[in-house]
Amino acid sequence: MRILTLAAAACLTCAPVLAQEAAEPPAQVQSQGIEAVIGAQLDAFRGRDVGAAWQYASPMIQRLFGGPGNFGRMVEKGYPMVWDNSSARFVATRTEGGRTYQQVMIQDATGRLHMLEYAMIPEGDSWLIDGVQLLPLPDVGV
């Protein structure tokens, strides 16, 4: 009985992932929607509207931080280039394991460049941000 219960739980856990992968829109549509979501969150942080920025966070991120205040403090302290962003350029998109990753080059308020990778998950006809990772800047030769 216990094995049957575990098997049923595993099937229920995997079903949403399989459904998401099958329903993914074409890469160009994904990229446009993803860019709009990330851009809107960056605009919200720049305007210090943490409540608006919070709306673009996935349920997992929202559970992790519990509310917009904690989330805003984490971004301000842990990702100052996002908190004080002055511009963003969308670089590359890839899909792996049911998630789509968008690389974004962000310029902070002092003019320094930073490369970040946003993990995105589909939510209805839009996207939510499920995590951000700071990447090393690519080497640029002359």
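Here, each number is a calculation from the coordinates, and none is a lab measurement. Please read all numbers here as calculations on a predicted model, not as lab measurements. No Cβ is skipped: glycine too gets one built from the backbone with ideal geometry, and neighbour counts run over all protein chains shown.
Summarised as an ellipsoid, region 25-135 has semi-axes of 20, 17, 12 Å, derived from the eigenvalues of the Cα gyration tensor scaled by 5 and square-rooted, with the largest first.
As a rough footprinting exposure proxy, the listed residues THR100, THR110 were ranked by other beta carbons within 10 Å of their own, and the order from fewest upward is THR110, THR100. Each of TYR79, TYR118, TYR56 has some number of other Cβ atoms within 10 Å of its Cβ, and from fewest to most they run TYR79, TYR56, TYR118.
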